[in-house]
Amino acid sequence: MSGLLGLAARSAWNRRGTLSLTVVSIALATLLLLSFERMRTDIRDSFTSAVSGTDLVVGARTGPVQLMLYAIFHLGGATNNVRMDSVREIARHRAVEWVVPMSLGDSHRGFAVLGTTPAYFERFLYGDRQALAFAQGRAFSGDLDGLYQAVVGAEVARRLGYTLGRQVTLSHGSGAIPGAEHADKPFTVVGILAPTGTPVDRTVHVSLEAIEAIHLDWGGGAPMPGVHIAPEQARKFDLAPKQVTAALLGLKGRVAVFAVQRHVNEYAGEPLMAVLPGVALDELWDVVGVGERALLGLSAMVAVVSLAGLVAVVLAGLNERRRELAVLRAVGAGPRHVLWLLAAEGALVTLLGAALGALLSVLLVAAAGPWIQARFGIGLQLSAPTAAQWGLLGAVLAAGFAASLVPGIRAYRLSLADGLSPQG
Amino acid sequence: MIEIRQLRYAWPRAGHDVLAIDAFEVAAGERVFVHGPSGCGKSTLLGLLAGVLLPREGEVRLLGRSWASLSGARRDAMRADHVGYIFQQFNLLPWLDAVGNVTLPCRFSSTRRQRAAAAAGDVERAAASLLARVGLAERDWHRPAAQLSVGQQQRVAAARALIGAPEVVIADEPTSALDAPLRDAFMDLLLGACRDAGSALVFVSHDERLAAPFDRRVSLPALNRVRAEVPT
């Protein structure tokens, strides 16, 4: 058999053109499978890392998924608001370390506007407890000087081309109704956040007081006729928020989380609910994770197609090799040798292809990872293969070897039937 | 050396026999010319002699052993040890040089390897001396077979069939792709080299002009008791 190995290698080298095509097609299939899997897990990670370091999210009573959707992902609207009194009341619970109220509902050119306190920029964590960082500028000041200051997320700045000092106006609601603009009270961009790969990137942040100020002369979702309060006049009003949409809660210790959750859920003043973000995000992922399974199915099909290609290439090459196999038979090689020869070649080709594909996927993540992070907010990790990736790699190898047995067995049967004359 | 007794052979899934030979022998060192028109079963007969095909009935013996009594792997080993085979054409692995092609049987048979080494010192030198014997110029020894002319390739094939002095050399119309001067030169080489090696030669051809130098000539249609089918 060892003598055969050298022959197999030289024969394969002689057909390196066709074989390298097969290697490349297996490499591409492996690359697709591995990067799909990498993306799948990393998208999931990006998703579940939308918020961390927050122990509870508090809002008006609704479903946990719904609350997460509007409080964290700024999608859809809240059915009810939370009175600011209630938020202050909850903040007084002895286990609560901090509370960041959030007021949503307005938008700026399709991006959500979040009214909050400057503490948000310190308290809000994402991913693996990473804090928000400013790419440029600083947070709004939180007092009357900072009333018309705004901090924009990375994607807002990039897509709209915003730089520090830019004047922006907010729209009432989702911005769908023409004329529902808070055009009389423009904001100045004072800070641009670094990319996070979370909904923060797509958010314009202003102070809670600013939200109050732009709605002073509004009522029932439209400007009040005959009433106009100039931006400077607005500073003289009481801008303390009466109600907010939701609040993020940080606790002094994780142990109290269920006690505080119960405290909020049983709050007598109004119907409220508190959810654990991690649990709710998992629930939410179950809803949106259908696409993930579609992705997985797609990559399985890609693998099947390229392995079918491998079988086709080897089978097509078999006819041109019938003479070669007949020569080997005539000098004493048995059908077993022929089978072994073809199987060894197939296994080697599959191994090379899979290794090349794995290498390419690493290179791809290394080369395109930062770009994908900046562009799509998906943080691709350059890490050791996951168990699922090892599984996929193993599946490619097993399937490739099995596929190479098909032509091997065909050659075995041909060499039995042909005798020594391949023309037959 | 070779004995055929009451042989009946039908191709798999064919309803009728193509060969029916009651008795045929080849003695050690004997050179036998088997002739017959195309399609009379010559290649099939050679497949049976080489143990690649097995008879439906009767037996084919090589060195006293019936092919049918051996396992597939033993048949392969037996063929590698004792039979040299030459095709009409395309005898060589095109990507291997002449010397590599000649030494091929030694990769599968330790008997042939030992005999070749005993004769010339080592396998490579045995190949070289055979290539010299069949008249291949030394500058062509290390060229890939694909670059050799058809005549050169057939000479390399003859050298390969003879390396390690197998008891039997089987040649299946090895001159059919050669023109007259090349053919005659090849016949001289093959017969002479077989005599030198002491190998028996079973040479099959439709060209009866080649028969003269052989010890014996046999007509396959006369030997075969299945009448050749007349095309309708």
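Please report the spacing between the Cα centers of the stretch A:43-99 and the stretch B:138-211 in Å, no decimals. Measuring centre to centre over Cα atoms gives 91 Å. Between helix A:387-418 and chain A there is an angle of about 20 degrees, using the helix long axis and the longest principal axis of the Cα atoms. The stretch between residue A:259 and residue A:224 holds 8.2 nm of extra length on full extension. This uses 0.36 nm per residue minus the Cα-Cα distance. Which residue fluctuates most in the GNM of chain A (Cα springs below 10 Å): A:357, A:191, A:297? Its mean-square fluctuation being the largest, the pick is A:297.
Under a 5 Å amide H cut-off, with hydrogens placed 1.01 Å from N, residue B:31 pairs with B:201, B:215, B:216 among residues at least 5 apart or on other chains. Positive-end ranking of A:5, A:59, A:227 along the dipole of chain A, with charges on Cβ about the Cα centre, is headed by A:5.
Treating r as the C-beta distance of residue A:18 and residue B:65 and R0 as 41 Å, the FRET efficiency rounds to 0.50. Straight-distance candidates among the aspartates and glutamates for linking to residue A:252, with alpha-carbon spacing under 15 Å and chain neighbours fewer than 8 residues away dropped: A:55, A:97. How shielded is B:90-96 by partner chains, expressed as the average number of their Cβ atoms within 10 Å of its Cβ atoms? Counting Cβ atoms of other protein chains within 10 Å of each residue's Cβ and averaging gives 6.
Counting 0.36 nm for each residue step from residue A:135 to residue A:315 and taking away their Cα separation leaves a gain of 59.0 nm.
Considering only alpha-carbon pairs that sit under 8 angstrom and 6 or more positions apart, the relative contact order computed for chain A is 26 percent.
Every number in this text was worked out from the coordinates using simple rules, so none of it is lab data. Small disclaimer: the values here were computed from a predicted structure and weren't measured. Here the Cβ is made from the backbone with ideal geometry for all residues, glycine too, and neighbour counts use every protein chain on show.
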